[in-house]
């Protein structure tokens, strides 16, 4: 890969991660209790994308140990964000579902985030907004390419809206969260 690609990749990641951190910080404190850790939010996003997912399948997607995800599940069940239901085909397995409170929290966070960023976008010039709009299809194609396995490497599973990751952006795979932590 040429140095231009490496430089552009670094700049793109720096800007997107900084934007995510700033948005997360601006929205922090506006979320209702309970306070959730990034890994908890990421698990909620996985369950939101795949209702009825098993603990083992969620662990694979999150690239965490089953017992780590079980701990997160227990915490989220106690917090009223997840329901654990017995798999009718395998009584030893649990299927996970978001509660209405979790769905509302994720939707509220996405709405507040869109309003915050949208207000700042409106402050930019028409030319800047058009440039950002024109870049979105290419950024989506880049995201799809990043989700593909690299030649000779094991398949990478996209985290998250994605809409989430271990970092708390309620957007799962469609809008990948960064590695900067977050709150729904």
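Coordinate-derived values only; no laboratory data. Keep in mind that this is a model prediction, so the values were computed, not measured. Reconstructed Cβ throughout: ideal geometry from the backbone, glycine too, with neighbour counts over all protein chains shown.
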I need 141, 25 ordered by Cβ neighbour count within 10 Å, fewest first. 141, 25
Put in order of increasing Cβ neighbours within 10 Å, starting from the fewest, 11, 108 give 11, 108
Determine, for each peptide in 89-102, 31-44, the mean count of other beta carbons within 10 angstrom over its residues, then list the peptides with the highest first. 31-44, 89-102
For a label point 7 Å from the Cα of residue 100 along Cα→C-beta, name the residues of the stretch 64-92 whose backbone N is under 16 Å from it. 80-83
